[in-house]
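Following: one structure in structure tokens, then a few remarks.
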Amino acid sequence: MTTQSPGVLSAETIRRASSEFQLDVNEQQIVYIQQYMKILLTWNEKINLTSIRDPLEILYRHFCESMYAAVAIPVENGRLADVGSGAGFPGIPLKIMRPGLQTFLIESNMKKATFLAEVLRNIELPNTNVLVSRYEELGEEVAPLDYVCSRAVGEFEPFLAWAASERIAAKQVILWIGGRDLDQARRGADWEWREPIPVPHSLRRYLLVGTRKIPSVGATT
């Protein structure tokens, strides 16, 4: 393996890992990933953003798994909210892959929200906003949404009800989820669920995609 500075992955390493997730990254996207990684590793010494410390594992587990939705679903242009964004996954990597997205990073923890703002100060990602709030308190600030996504939902029922509500009116919900939580998540009655999409290089981790059911109008007439 090529010797690299601590925390700095080579363009070749990033390109190779991305290709294993069917991702084609350009030079600018690679630079953004490198810059983001450096900020993440620096801040992770002060606040716990991720328990993973190895840069290569961070690349695969956080960056590539997040970006995979861009091709697996696929996520295209539109309005996307990342709920419980934490260290910015999946929202920021998806924005890097799909610059046309209008992205909202929703994070209630002030320290983590400050980190997200620092990333956006260093990486030029237009139409990306950090909202320091609990998702339940948001409505017109983000609506209507094409995508609501999360890797960190604790309770599925209130989250899915919020995303399907008229004040949010999300078209699709995307969850990064472990196999043991699939049945619980799919109890959300407001959503039509696709077959879970296995995440490459993982043991029983999936992308779970739901499309909001549109209530019939005038069905009883």
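Is it the case that some residue within region 75-97 is free of Cβ contacts under 8 Å to residues at least 24 places away in the same chain and out of contact with any Leu (no Cβ under 9 Å at 6 or more places or on another chain)? Checked region 75-97: no residue is free of Cβ contacts under 8 Å to residues at least 24 places away in the same chain and out of contact with any Leu (no Cβ under 9 Å at 6 or more places or on another chain).
One line per residue, one yes/no per condition, for (1) over 18 Å from Asp82 (Cβ atoms); (2) more than 20 Å from the chain's Cα centre (by Cα); (3) hydroxyl-bearing (Ser, Thr, Tyr):
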residue: Val148; (1), (2), (3): no, no, no
residue: Ala161; (1), (2), (3): yes, no, no
residue: Gly178; (1), (2), (3): yes, no, no
residue: Leu182; (1), (2), (3): yes, no, no
residue: Ala185; (1), (2), (3): no, no, no
residue: Ala189; (1), (2), (3): yes, yes, no
residue: Val199; (1), (2), (3): no, no, no
residue: Ser202; (1), (2), (3): yes, no, yes
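Filter region 197-215 down to residues that are assigned to a strand (DSSP E or B) and either without any contact (Cβ under 8 Å) to a residue 24 or more places away in the chain or of a type in the set (S, T, N, Q) (or both), then give me how many there are. The number of residues fulfilling the criteria is 2. Identify the residue in region 87-112 that is under 17 Å from Lys38 (Cα atoms) and of a type in the set (Gly, Ala, Ser) and, among all such residues, is surrounded by the most Cβ atoms within 10 Å (Cβ to Cβ). Only one residue fits best here, namely Gly88.
Residue-by-condition table, conditions (1) assigned to a loop (DSSP other than H, G, I, E, B); (2) over 13 Å from the mean Cα position of the chain (by Cα):
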residue	(1), (2)
Phe89	yes, no
Ile92	no, no
Phe115	no, yes
Arg121	no, yes
Pro126	yes, yes
Glu136	no, yes
Gly139	yes, yes
Val142	yes, yes
Leu145	yes, yes
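This table checks each residue for (1) touching a residue at least 12 places away in the same chain (Cβ under 8 Å); (2) closer than 18 Å to Glu107 by Cβ.
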position	(1), (2)
Arg151	yes, yes
Gln172	yes, no
Gly179	yes, no
Glu195	no, no
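Only one of the numbered conditions (1) touching a residue at least 40 places away in the same chain (Cβ under 8 Å); (2) farther than 21 Å from Pro200 by Cβ; (3) of a type in the set (A, V, I, L, M, F, W, C) is not met by Leu59, and that is (2). Of all the listed residues (Gly154, Gly188, Gly218), the sole one being assigned to a loop (DSSP other than H, G, I, E, B), surrounded by 13 or more Cβ atoms within 10 Å (Cβ to Cβ) and either at pLDDT below 95 or among the basic types (Lys, Arg) (or both) is Gly188. Of all residue pairs spaced 6 or more apart or on separate chains, those with beta-carbon atoms under 9 Å, a first member in region 15-27 that is surrounded by fewer than 16 Cβ atoms within 10 Å (Cβ to Cβ) and a second member that is of a type outside the set (Ser, Thr, Tyr) and part of a helix (DSSP H, G or I) are Glu20/Cys64; Gln22/Val71; Gln22/Ala72; Asp24/Arg15; Asp24/Val71; Glu27/Ala11.
The set of residues in region 108-127 that are closer than 21 Å to Ile30 by Cβ and β-branched (Val, Ile, Thr) comprises Val119, Ile123. Within region 65-88, not a single residue is among the charged types (D, E, K, R), modelled with pLDDT under 95 and farther than 22 Å from Leu208 by Cα.
The values are calculated or read from the model by the stated rules, or taken from the named source; none is laboratory data. All figures in this text were calculated on a predicted structure; none of them were measured in a lab. So basically every Cβ, Gly included, is an ideal-geometry build from the backbone, and we count neighbours across all protein chains shown.
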